[in-house]
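Written out below as structure tokens is the structure these notes cover.
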Amino acid sequence: AEAAVPSDLGDVRAAFESARSEESRSEAALDAGVRHQREHERALEELRLALARREVALELAQEEAAALPAGVTPLQLPERSARARLREVEAALEAIGPVNHRAARDHAERRERLQALEHDVGEAYAAATQLEATLERLDRETTAGLTEAIEALRLSFRRHVRDLFGEDAVGEIDVDAEGARPTGLRIRLTPAGKQTQSLGLLSVGERTMGALAFLFALMARERGGLPIAVLDEVDAPLDEANIRRFGAFLDRLARGGTQFVLITHQKATFEVADTLWGVTTEGGVSRLFSIRRNGRQEPLFETVAGA
């Protein structure tokens, strides 16, 4: 062993020191490699966490995109531009103010109310259209009936004027109209021997007889004729000749079925009456009596004056 031991250990020591130095460098390199591996593992773990977060964010974004109304398209913008646009939209939403969470329900209620009102309006328009059609039909029928009645009134008035004023008298009824609808009547009367047609230029008696002619012309279309008429002193302004015509006129109408009650002081009018009622006073006693055409006087009752 001693023989195997080199006599000079310097080279061996140098080789040993060199080996130890290499070992130290290798250990340092190994420690550095371990540290780099740990750093890479830590970076890899962070990347995995970031990827997981982005996957979750992507799923949430896809769910939100699916919940958006139809027609909304995604913005094809870079991330920086999209973030800037997002800040603008958030600022606009902040400026709007708090959100009314009942807006959707209120809108639904108002939309339902609007639909009900639109339905009512539609029914109202349909009813108005039907009513207008009915009014047009009634207007046509009324206008036709009124035109027919006015024509009959004209014929009857002309006949009554000739009965009261003579065959040469002219009586006419003018019609004021708007389109085909009559709106008023005007009477023109020309007695025999005169040229005037204005009622204001006629005498009181002529106007009275013209009014009688028009009055009984109105009644001529009644079913069965006028049943009864009460005339109070209508013959007062008439002269003898006109009273005779007036009496003949009443006699003709009476034969047609009309009963007349006449209040008069004209003796000529007494002649056309079948029965006269009067009041006499004798010795302070009022007596009501009647006289018929057969000449027989029939007292009805007596009263004491002042009783």
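The values are calculated or read from the model by the stated rules, or taken from the named source; none is laboratory data. Since the model is a prediction, treat every value here as computed from it, not as a measurement. Counting neighbours? That spans all protein chains shown, and the Cβs are built from the backbone with ideal geometry, glycine included. The area values use the complete protein model at the heavy-atom level, side chains included, leaving out ligands, DNA and RNA. Shrake-Rupley method; radii C 1.70, N 1.55, O 1.52, S 1.80 Å.
Structure summary
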| read-out | value |
| --- | --- |
| Some residue of region 152-164 being of a type outside the set (A, V, I, L, M), outside any strand (DSSP E or B) and exposed (fewer than 13 other Cβ atoms within 10 Å of the Cβ) | no |
| Search result, residues across region 98-139 that are of a type in the set (A, V, I, L, M), part of a helix (DSSP H, G or I) and more than 13 Å from the chain's Cα centre (by Cα) | A103, A104, A108, L114, A116, L117, A133, L135, L138 |
| Scan of region 181-193 for residues that are part of a loop (DSSP other than H, G, I, E, B) and open to solvent by less than 80 Å² (accessible area, probe 1.4 Å), ordered by number | P191, A192 |
| Test for T147: is it of a type in the set (V, I, T), in contact (Cβ under 8 Å) with a residue 24 or more places away in the chain, assigned to a helix (DSSP H, G or I) and under 30 Å from P191 (Cβ atoms) | yes |
| Leading residue by the ranking (nearest to V204 (Cα to Cα)) among those in region 129-145 that are out of contact with any Lys or Arg (no Cβ under 8 Å at 6 or more places or on another chain) and open to solvent by less than 70 Å² (accessible area, probe 1.4 Å) | G145 |
| Check on E64, surrounded by fewer than 10 Cβ atoms within 10 Å (Cβ to Cβ) and either part of a helix (DSSP H, G or I) or touching a helix residue (DSSP H, G or I) at 6+ places or on another chain (Cβ under 7 Å) (or both) | yes |
| Selection status of L250, modelled with pLDDT of 85 or more and over 51 Å from the mean Cα position of the chain (by Cα) | yes |
| Identity of the residue in region 165-180, closer than 30 Å to D139 by Cβ and part of a strand (DSSP E or B), that ends up most open to solvent (accessible area, probe 1.4 Å) | E178 |
| Flag for V72 being farther than 19 Å from L58 by Cβ, in a loop (DSSP other than H, G, I, E, B) and aliphatic (A, V, I, L, M) | no |
| Among (1) at pLDDT below 85; (2) in a loop (DSSP other than H, G, I, E, B), the one test that V234 misses | (1) |
| Failed item, numbered, when V261 is tested on (1) open to solvent by 60 Å² or more (accessible area, probe 1.4 Å); (2) in contact with a Gly (Cβ under 7 Å, 6 or more places away or on another chain) | (2) |
| Test: residue in region 203-219 that is in a loop (DSSP other than H, G, I, E, B), modelled with pLDDT under 75, farther than 19 Å from A273 by Cβ and open to solvent by 10 Å² or more (accessible area, probe 1.4 Å) | no |
